[in-house]
Each structure stands twice: as C-alpha cells, then as structure tokens.
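See below for the structure under consideration.
The values are calculated or read from the model by the stated rules, or taken from the named source; none is laboratory data. Note that the structure is a prediction, hence the values are computed from the model and not measured. Because the Cβ atoms are built from the backbone with ideal geometry, glycine has one as well, and the counts that use them run over all protein chains shown.
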Amino acid sequence: MSLMQVLSEIRMNTHGWQSPDGTTAVMLPHGGRILALYSPESEENLEPGAHHQASFVTEGALRMFAASRTIHFTLRKTISEARNPLRHLIWDPDLGLAYAGYTLRTALNLNEPLPSPPVFAGIWNLLQLPPGGQMIFATHSRATTIPYMGSISPRDLDISNHAIRYKMSAVGENKLGIQAPYLTGRGAYLYGDADRSSLVIRNFWVNPSASYVDVPFGSSPDSACAAQACSIHSSLGSFSELEYHAPAFETLPGQSQCVDESQLWAFRGPQPAVLEAARILVSAQLR
C-alpha cells in the first residue's frame, strides 16, 4: 500500500506532485508542507492527475514578538522541477545512487494595513529530517557559530576552513546559527550507514549585504543568522532541522513583497557514492 493510500485510509487529505523526471512528492494541501519525497525508481504510486507544478496559498496574520507589531500576509508556495545537478558529472546507473529533488519558490506579500512604524520581515524555510545524522554547511572561510539554544558539545562540532559539520545525536534541544558572510548557500544533511546512506541538500541564496532578522532571544541584531541547524531529542520528539532565511525587507509602501527560490537535492545509495555526491556539491573535505 502506498503512503498516499495509507493517508487516505486515516482520512488525511494529501496532494500528489510529480516532476517531468519522475520525482514524486506527497504534500498537505494547506500550506504545501511536503511529507515525503521519492526518486523516479520508487514504487510509490500517485493518484491520477498528479501535476508537474503545484501551488499553495495561505493568508493570515502574524504577531511579531520583538517588534510588537502585527503583519497581515499572503504566502504563495510553488513546487516545480529541479533536475539532478550531477547528471553530467558522475551519474552512472551502476553506482546505485537514486535522486529526487524539487524547486521551491516562496512569495510573501504583506497586505494592508502595513505596520507602523515599519518593521523588517522575511521568509523562513525549514526541512524536518530524521534524527542522529550530520549537518554540513559549506563556508567561504572558517566560520563562527551563533548559539540559539541548548549546549552543543565541542566534540559534536567540527569547524574547518570551508565547512561546518555538526553531529546531531545529543540528548536535549540544541540549535546553532551561521551568519550570511560565511555561507556559500549550500546546507546538507547526511545520515544512514555504509549500505544505505542518504544526503539531503538545500541550495539557497545568500546576500551578505542584506538584512537578516532572526536572532537568538534577547540578542543584538548584529547576531542575525541566515541559516540554522536544530537538533531535538526530548519530550518534543526526535528530529533534526535544516533551516534558512531569505534576506529581509522593510515593510514600506511599494516594498511589501519578497520572493525566494531554492532547490532541494536528495540522494540515496551506497555510502561511497553518497559521499562522492557530497564532496562535489557541498565540501571537498568530506571523508
């Protein structure tokens, strides 16, 4: 029985999407949250009428805690194809490496009345992933991380000249951030074992000249980060999150829209093939 059939049995409404290359996604119709992603080789079956592009619109109001303002917004998310970035390089069926991916375009429009005085707002996207893996961010130079919550052991954090590697297996609720000037725009999550490993990569845009708004509670705006890694092993559950922020914009008349686009590339297969994909797309230092 396919995932969509199981969800139908428990009366959870879902939306099916399939790219031209055969990548399959199962999504919630409200907000477009992706529940599962499958490679073209997967046996997961979509219901008839799955589309090559899917759009979801959400309207609402959000109270901004730090600024003590309320913004009214329309959020549109569009899912479309992201072709395999390795298709011209190492792609060989004999490697046993499966690929699935998509492009996410997010448009945030602020509706009247705009907050007065103006505030900065921005788009925040995250991926929730299985626990116990390793988060990797490619960097231009040796970075300094910003603590958000918890206490991350130095044993779990490896910072080199061109990468941050964070082993996400400790008990508790822990989160760190990385500021925009360090980031290349590639964040990845690696998990599994020698026989079957998985690599999930988010390719996103970073602008060090722009403003970013997400800071640790009570911190200075100077500590705002463009990407974060969150590890949860507590009563909340067990999972990891790869998060990134689009550059913020000021809520002025005529400047009330923000558009962000990113790609997700996911690979699964024998560990040597998955690590080779990670070395090409994320960091050549990975071993």
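Couple of notes before you dig in:
- Within the range 226-257, being buried (at least 20 other Cβ atoms within 10 Å of the Cβ) and of a type outside the set (A, V, I, L, M) holds for Gln228, Cys230, Ser231, Ser240, Glu243, Tyr244, His245, Pro247, Phe249, Thr251.
- If you filter the range 128-165 down to residues that are surrounded by 15 or more Cβ atoms within 10 Å (Cβ to Cβ) and small (Gly, Ala, Ser), you find that the one that is farthest from Ala180 (Cα to Cα) is Gly132.
- The set of residues from the range 71-94 being modelled with pLDDT of 80 or more and in contact with an Asp or Glu (Cβ under 8 Å, 6 or more places away or on another chain) comprises His72, Phe73, Thr74, Leu75, Glu81, Arg83, Asn84.
- Qualifying strands (runs of 3 or more DSSP E) (wholly inside the range 186-287; at least 1 residues being closer than 19 Å to Ile152 by Cβ, assigned by TED's automatic domain parsing to the domain that holds Met64 and touching a strand residue (DSSP E or B) at 6+ places or on another chain (Cβ under 9 Å)): 227-234, 237-245
- Subset tally (residues that are modelled with pLDDT under 95 and touching a Pro at 6+ places or on another chain (Cβ under 8 Å)) for the range 119-146: 1
- Among the conditions (1) under 22 Å from Thr184 (Cα atoms); (2) in contact (Cβ under 8 Å) with a residue 12 or more places away in the chain; (3) not in a strand (DSSP E or B), the only one that Arg87 does not satisfy is (2).
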